[in-house]
Amino acid sequence: MEFRKYKKEKTSEIKDLFAKTFLDSEGETEGKLIGELAFELLTKTNSEDLFAYNALENDQIIASIIFTRLEFEKSKLKAFLLSPAAVLPEYQGRGIGKKLINFGHKDLKGKGMEIVFTYGDINFYSKVGYKKISEEIVKAPLKLSYPEGWLGQNLNDDEIPSISGTSHCVEALNDEKYW
Ligand SMILES: CC(C)(COP(=O)(O)OP(=O)(O)OC[C@H]1O[C@@H](n2cnc3c(N)ncnc32)[C@H](O)[C@@H]1OP(=O)(O)O)[C@@H](O)C(=O)NCCC(=O)NCCS
């Protein structure tokens with residue numbers, strides 16, 4: 001198995017991976033929605049605002065994660081948001097998700113990025129360093145339907161700094177149906 005940065009020619013394979021994985025875990029509607037989200041993120045985000053990574057086996061993509069930029073009204077902190085993340089059902093539970101996210105974090109840190117956020121299940125994301133954060137510390141870009149899922153980690157330190165003002169995600173994620 002190897003970990004690689006996203007290449008444009010893999011876009012439709014990645015879309016299919018997200019659709020298949022979320023169809024399996026959450027049903028048809030969610031599968032379609034997350035497949036489309038991945039496609040929009042990869043095709044409509046400026047390259048400097050997008051970092052995506054894949055795990056491959058025999059040249060087939062078996063896991064994928066997408067980070068896009070999160071900007072703050074009053075801070076120049078270099079921040080990215082991890083969403084979505086998926087490991088093909090038949091490869092889940094083997095440590096691949098954890099290794100791929102750690103690979104992504106290392107690359108982002110090496111590029112000078114300072115903080116990462118995600119919106120999901122703390123039971124999984126705590127395994128790769130994320131902690132619950134309050135919106136009094138850092139505001140999410142849209143209204144959260146599940147505030148417990150707002151998570152973050154400082155790539156350089158243990159503490160998540162308090163960031164005043166609003167935050168803004170990339171266009172493809174800027175829809176309340178994802179939050
Ligand atoms: C969630 C997901 C990305 C995890 O990837 P994975 O390769 O199966 O997970 P790993 O094998 O790397 O697991 C790492 C750790 O997290 C735990 N874990 C994995 N999935 C978990 C889950 N859904 N809930 C709680 N803990 C989980 C594992 O037990 C493991 O713990 P350990 O390090 O103490 O042994 C993958 O299962 C998946 O794609 N699920 C369906 C889609 C989804 O829910 N995506 C995430 C939300 S965007």
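The values are calculated or read from the model by the stated rules, or taken from the named source; none is laboratory data. Please read all numbers here as calculations on a predicted model, not as lab measurements. Don't worry about glycine lacking a Cβ; one is built from the backbone with ideal geometry, like all the others, and counts go over all protein chains shown. With ligands, DNA and RNA removed, areas are computed over all heavy atoms of the protein, side chains included. Shrake-Rupley method; radii C 1.70, N 1.55, O 1.52, S 1.80 Å.
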Cβ pairs under 7 Å, 6+ apart, first in the stretch 82-108 and without any contact (Cβ under 8 Å) to a residue 60 or more places away in the chain, second open to solvent by 30 Å² or more (accessible area, probe 1.4 Å) and more than 6 Å from the ligand (Cβ to nearest atom): Gly104/Phe51; Leu108/Phe51
Candidate set: the stretch 17-35, residues that are acidic (Asp, Glu) and within 14 Å of the ligand (Cβ to nearest atom); chosen: the one nearest to Leu88 (Cα to Cα): Asp24
Every residue from the stretch 105-122 that is of a type outside the set (A, V, I, L, M, F, W, C), out of contact with any helix residue (DSSP H, G or I) (no Cβ under 9 Å at 6 or more places or on another chain) and either within 16 Å of the ligand (Cβ to nearest atom) or at positive phi (or both): Lys106, Gly112
Exclusive hit being part of a helix (DSSP H, G or I), under 18 Å from Ile101 (Cα atoms) and touching a residue at least 24 places away in the same chain (Cβ under 8 Å), set Leu33, Leu17, Leu37: Leu17
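Quick grid of which residues meet (1) away from the ligand (no atom under 16 Å from the Cβ); (2) over 25 Å from Tyr6 (Cα atoms):
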residue	(1), (2)
Asp59	yes, no
Ala63	no, no
Ala79	yes, no
Ser83	no, no
Pro89	no, no
Ile101	no, no
Lys139	yes, yes
Gly165	yes, yes
From Ala63, Ala38, Ala55, residue being buried (at least 22 other Cβ atoms within 10 Å of the Cβ) and over 14 Å from the mean Cα position of the chain (by Cα): Ala55
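Yes/no matrix, rows are residues, columns are (1) in contact with a Lys or Arg (Cβ under 7 Å, 6 or more places away or on another chain); (2) at pLDDT 95 or above; (3) within 18 Å of Met113 (Cα to Cα):
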residue: Glu2; (1), (2), (3): no, yes, no
residue: Glu36; (1), (2), (3): no, yes, no
residue: Thr43; (1), (2), (3): no, yes, no
residue: Glu48; (1), (2), (3): no, yes, yes
residue: Phe51; (1), (2), (3): no, yes, yes
residue: Ala55; (1), (2), (3): no, yes, no
residue: Ile61; (1), (2), (3): yes, yes, no
residue: Ile66; (1), (2), (3): no, yes, yes
residue: Glu71; (1), (2), (3): no, yes, yes
Residue match in the stretch 110-131 (condition: of a type in the set (Asp, Glu), open to solvent by 60 Å² or more (accessible area, probe 1.4 Å), under 27 Å from Met1 (Cβ atoms) and free of Cβ contacts under 8 Å to residues at least 24 places away in the same chain): no
Qualifying residue in the stretch 73-80 (condition: under 22 Å from Tyr125 (Cβ atoms) and basic (Lys, Arg)): yes
